[in-house]
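Read through the structure below, which is laid out as C-alpha cells, and then see the notes.
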Amino acid sequence: MIVVVCQDFVASTSTQYGHSTASEIKKMPFKDKHFTQDDVAELIDGEMYRNCHFERLDLKHIALDGSTFAQCNFRMADLTNARFNGATLEDCDLSNARVAGANFFGVAFENTKLMGINFAESTVLTAARFKRCNLDYVCFRGVSLASLKFEGCSFVEADLSLTNLKKTALRDCDLTDVDFREAVFFQTDLRGSNLAGFSLRKYDPKGLIITPGQFAALAQALGMQVME
C-alpha cells in the first residue's frame, strides 16, 4: 500500500506543481516563436508549429515529416533537400524560399503563399494537394504535376512549360498569362478557371477539359463568333 500511495502522491504532486510528463510535453506545440539559426536544432518532425517564424533561415536537410504548420513564415528560407512528407501547411508564407531537392510528398498546402518559388530543381511534389494557394510567378518548368489537384489557386504568369499535366486538376484557378508551352495535356481539368492569355494559336488544346463558356472565350480570342 505504501508503494501505491507514494506513486499516487508523485502523480498528483507532479500535476499539482506543474510538472509535465514526457507525453504531455510532446503534445505541446511550438507557438509564437521567432526561430534563429541557433534554434534550428529544436525542430522536431511530427509536431505542431503555430505562428512561428523561419524567415531567411538555413534549413537545408531538415526533416519535418508529418508536422503541421499554421500561420508560419518561411519567406526566403533555404529548404534545400528538406523533408516535409505528409505535412500540412495552412495560412503559411513560403514566398521565394529555395526548395531544390526538397520532398513535399503528400503535403497539404492550404491558403499558403508560394510566390516566386522554383519547383524545377528536382523538387518532389507527388500526391501533394493545393487549395486556395498563391502560386504567382512560380516555375514548374519540366516538372511532373500528373494527377495533382489545385483548387482555387492563383498562377498568374507562372511557368508551366514542358510540364506533365496528365489528369491534373486546375479547378477554379486564375491561369492568367500562364506559360503552357509544350506542356502535356491529357484529361487536364481546367473547368472554372480563368484562361486569360491562353491562346489556341500557341497551345495545343487536345486533352483539356473545359466548360462551354470557356471554349467560347477561347474561340472569340481567335476572332470567331460563337452563336446558337
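Miscellaneous remarks
- Mean Cβ count within 10 Å, highest first, over the residues of peptides 37-45, 126-134: 126-134, 37-45
- Length gained when the stretch HIS34-ALA146 is fully extended (0.36 nm per residue, less Cα-Cα span): 36.7 nm
- Fully extending the segment from PHE105 to ASP91, taken as 0.36 nm per residue of separation minus the present Cα-Cα distance, adds 3.2 nm.
- Additional length obtainable on full extension of the chain from ASP65 to ARG171, 0.36 nm per residue less Cα span: 35.4 nm
- Cut-off 20 Å (backbone N to label point 7 Å along Cα→Cβ of ALA219), residues of region 174-209: 190-209
- For region 51-135, averaging the sequence separation of C-alpha pairs within contact (under 8 Å, six or more residues apart) and dividing by the residue count gives a relative contact order of 24 percent.
- Calculated from backbone phi, Karplus (6.51, -1.76, 1.60) coupling profile of region 57-65 in Hz, x at Gly/Pro: 6, 8, 10, 4, 6, 5, 10, 10, 4
Since every read-out is calculated from the coordinates, none of them should be taken as a lab result. Just so it is clear, the structure is predicted and the values come from calculations on it, not from any experiment. Ideal geometry is used to build each Cβ from the backbone, glycine not excepted, and the neighbour counts take in all protein chains shown.
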